[in-house]
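Reading through the structure tokens given below for one structure.
The values are calculated or read from the model by the stated rules, or taken from the named source; none is laboratory data. Just so we're clear, the structure is a prediction, and the values are computed from it rather than from any experiment. Neighbour counts run over all protein chains shown; Cβ positions are idealised from the backbone, glycine included.
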Amino acid sequence: MTTAILVLNAGSSSLKFALHDGADGRRLARGEVERIGPASQLATTLASATPRRGDVQAGSIAAAVDVVLAWIEQNLRGVAIVAIGHRIVHGGTRFFRAVVLDDAVLQELERLDPLAPQHQPFNLAAARALQRRFPAALSVGGFDTAFHAKWHDSAQRIPLPRRFHDAGVRRYGFHGLSYEYLTGRMRTLAPAASRVVLAHLGSGASMCAVLDGASVECTMGFSVLDGLPMATRCGQIDPGVIFHLHREYGLDFDAIENLLFKDCGLQGMSGVSNDMRALLADDGVEARQAVDVFVHRCAQAIGAMAATLGGIDALVFSGGIGAHAAALRAGICARLSFLGVELDASANARGSECISSAPAVVPVYALATDEEAVIAESALTLLRRAGTDHATPSP
């Protein structure tokens with residue numbers, strides 16, 4: 001019987017998963033339950049098979065977990081799950097590396113729910129549900145904040161009274177699992193690149209400045225609302241806007257929070273869609289304005305990351321938008337010639353890994369990220385460390 005590590009990446013509207021061999025970490029399958037709610041779909045890929053897609057009933061995270069487990073049972077018979085890895089958005093000031101998710105750790109992580117209310121509860125609900133389903137499997141959490149844990153105080157501190165910083169109101173950085181994976185790829189693709197700017201552009205979007213393999217800055221700070229405009233999130237915003245929305249439009253703080261998380265970004269600016277593919281295909285003024293704002297803010301952020309690093313040796317685009325939207329990459333890079341960025345139009349259109357022109361000073365890459373692989377690697381390490389306790393299949 002083949003042992004396997006199941007990795008879950010649970011969000012508020014989707015559930016990504018991957019299955020890795022429990023002996024060597026090799027990927028066996030991956031997939032995603034998209035648009036959790038009344039119109040859910042399951043997209044799956046076995047290691048050597050054609051991707052498949054179909055409608056499913058998944059009105060909640062728990063239901064999506066059931067859909068994933070049923071698919072695994074049907075398509076991967078003889079595979080026994082011995083460890084389950086979870087993406088946890090927030091690790092606070094304590095969790096700087098992957099850990100075993102026992103009840104005490106889960107309780108401590110649940111106290112961080114207010115710091116990531118749109119993500120943390122869903123991450124932890126999935127962990128609880130799988131623990132009940134597979135009580136003998138090792139439960140492991142990997143943290144989006146961990147990659148940024150060694151920032152200098154000047155990057156962590158928000159200009160508030162010190163008592164708030166001491167209570168945890170500080171900048172944390174996010175998308176760390178993606179940035180950890182991309183940093184590993186860059187060690188192979190451009191080992192001499194010391195100062196690297198990583199752009200994780202998707203429904204959630206951010207950028208990270210990496211110096212000699214370590215994060216030194218990220219556009220996301222205290223929360224996942226910060227930084228770049230996103231699919232439905234506002235990104236960086238003048239705090240005065242929040243007071244104005246309250247005083248002039250009568251919105252209470254719950255309504256403002258809902259607005260900033262769910263009705264802003266690409267969706268709010270365009271009034272058309274939160275999907276960059278749809279906006280790039282739309283000739284309407286509103287769609288074009290939303291794309292232009294996104295391009296403007298991305299180019300601005302890359303300049304800021306380069307300034308933090310004292311220069312730039314490589315630029316990486318990733319995430320669902322960054323890895324696939326050639327027109328968007330071209331628009332951003334057209335504004336960065338002063339940094340030595342120059343794209344090869346043909347390579348960019350083909351979606352090659354390296355998309356910069358040969359004489360360009362700064363190599364530019366378009367890479368798919370793999371957060372699940374990072375979590376699986378951590379789970380495999382902890383599984384081996386645990387020894388024989390979790391070497392037998394879970395019932």
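Kindly indicate which of 327, 379 is modelled with pLDDT of 95 or more, touching a strand residue (DSSP E or B) at 6+ places or on another chain (Cβ under 8 Å) and either surrounded by fewer than 16 Cβ atoms within 10 Å (Cβ to Cβ) or over 20 Å from residue 280 (Cα atoms) (or both).
Result of the check over 327, 379: 379.
Within the bounds of the range 223-237, is there any residue that is free of Cβ contacts under 8 Å to residues at least 60 places away in the same chain and either part of a helix (DSSP H, G or I) or over 19 Å from the mean Cα position of the chain (by Cα) (or both)?
yes
Kindly list the number of the only condition in (1) farther than 25 Å from residue 143 by Cβ; (2) in a strand (DSSP E or B) that fails for residue 28.
(1)
Of all residues in the range 302-343 being among the small types (Gly, Ala, Ser) and part of a strand (DSSP E or B), which is farthest from residue 190 (Cα to Cα)?
318
Restricting attention to helices (runs of 4 or more DSSP H) lying wholly within the range 87-183, give those where 2 or more residues are assigned by TED's automatic domain parsing to the domain that holds residue 14 and out of contact with any His (no Cβ under 6 Å at 6 or more places or on another chain).
Counting at least 2 such residues, we get 103-110, 120-133.
Please work out which residue is farthest from the chain's Cα centre (by Cα), limiting yourself to the range 3-23 and to residues that are modelled with pLDDT under 90 and farther than 16 Å from residue 56 by Cα.
The extreme case among them is 12.
Filter the range 282-317 for residues that are among the β-branched types (Val, Ile, Thr) and within 14 Å of residue 219 (Cα to Cα); which is surrounded by the most Cβ atoms within 10 Å (Cβ to Cβ)?
My answer is 302.
With the condition kept exactly as written, say whether any residue in the range 10-30 is farther than 29 Å from residue 90 by Cα and in contact with a helix residue (DSSP H, G or I) (Cβ under 9 Å, 6 or more places away or on another chain).
no
Within the range 55-86, track down each residue that is modelled with pLDDT of 90 or more and assigned to a strand (DSSP E or B).
Result: 80, 81, 82, 83, 84, 85, 86.
Conditions first: (1) over 21 Å from residue 115 (Cα atoms); (2) part of a helix (DSSP H, G or I); (3) over 19 Å from the mean Cα position of the chain (by Cα). Residue 277 passes all but one, so which condition is the exception?
For residue 277, the failing item is (3).
Check off (1) in contact with an Asp or Glu (Cβ under 8 Å, 6 or more places away or on another chain); (2) touching a residue at least 60 places away in the same chain (Cβ under 8 Å); (3) not aliphatic (A, V, I, L, M); (4) not in a helix (DSSP H, G or I) for residue 217 and give me the number that stays unchecked.
(1)
Under 6 Å between Cβ atoms, at least 6 apart or on separate chains: pull out the pairs that start in the range 178-207 with a residue that is farther than 18 Å from residue 224 by Cβ and end on any residue that is at pLDDT 95 or above and assigned to a helix (DSSP H, G or I).
Filtered contacts from the range 178-207: 181/374; 195/309; 196/186; 197/302; 197/305.
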